[in-house]
Amino acid sequence: MEQFVEGKAYEAIPALEGAKRRMVVCLGRDGRRIQLAWTEDLSVEDTQMYFGREIVKPCRPDGVYVVSSAVPLDIQVAAPILDLMRRREAV
C-alpha cells in the first residue's frame, strides 16, 4: 500500500487539459486526511550562521527575505484552523 509521506514532494496533475502541473509537499497527516503545501517554485540558498542560528536571505522577485532556523512554524496546527475558516465561509 503506497501512502503519502510527510516531507515528500509529489506532482499534482491537473484535471483540465493544458493546465500546468504543480508540485505539492505533504506536511502532515491525520488518518486519511493529509496536509499539502502547494509550491510555486524552489530556490537553493546559502546558509549563514548568525548568533548561533542558521539563516538564509533569499532574494526573490518581490523582495529580499530573511528565514531563520530559530522561527519554525507549526504547520500541523494549520489544517484544523483552515477547516474552521472554510466552514465559516460556507455558512
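The values are calculated or read from the model by the stated rules, or taken from the named source; none is laboratory data. For clarity, every value in this text was computed on a predicted model and none was experimentally measured. Don't worry about glycine lacking a Cβ; one is built from the backbone with ideal geometry, like all the others, and counts go over all protein chains shown.
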Hey, among the residues in region 1-17 that are surrounded by 10 or more Cβ atoms within 10 Å (Cβ to Cβ) and small (Gly, Ala, Ser), which one's nearest to ARG29 (Cα to Cα)? ALA9
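Regarding TYR50, is this residue surrounded by 13 or more Cβ atoms within 10 Å (Cβ to Cβ) and either among the acidic types (Asp, Glu) or in the same structural domain as ASP83 (by TED's automatic domain parsing) (or both)?
It is true that TYR50 is surrounded by 13 or more Cβ atoms within 10 Å (Cβ to Cβ) and either among the acidic types (Asp, Glu) or in the same structural domain as ASP83 (by TED's automatic domain parsing) (or both).
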When the residues of region 15-45 are narrowed to those that are in contact with a helix residue (DSSP H, G or I) (Cβ under 6 Å, 6 or more places away or on another chain) and not aliphatic (A, V, I, L, M), which ends up modelled with the lowest pLDDT? GLY28
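What strands (runs of 3 or more DSSP E) completely inside region 1-68 contain at least 1 residues that are within 26 Å of ASP83 (Cα to Cα)?
In region 1-68, the matching strands (runs of 3 or more DSSP E) lie at 9-12, 22-30, 33-39.
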Out of the residues in region 57-91 meeting the condition of being within 27 Å of ILE34 (Cβ to Cβ) and among the polar types (S, T, N, Q), tell me which one is farthest from the chain's Cα centre (by Cα). SER69
List pairs: first residue in region 34-50 and farther than 17 Å from TYR65 by Cβ, second residue at pLDDT below 90 and part of a strand (DSSP E or B) anywhere in the structure, Cβ distance under 9 angstrom, at least six positions apart or on different chains. ILE34/LEU27; ILE34/GLY28; GLN35/LEU27; GLN35/GLY28; GLN35/ARG29; LEU36/LEU27
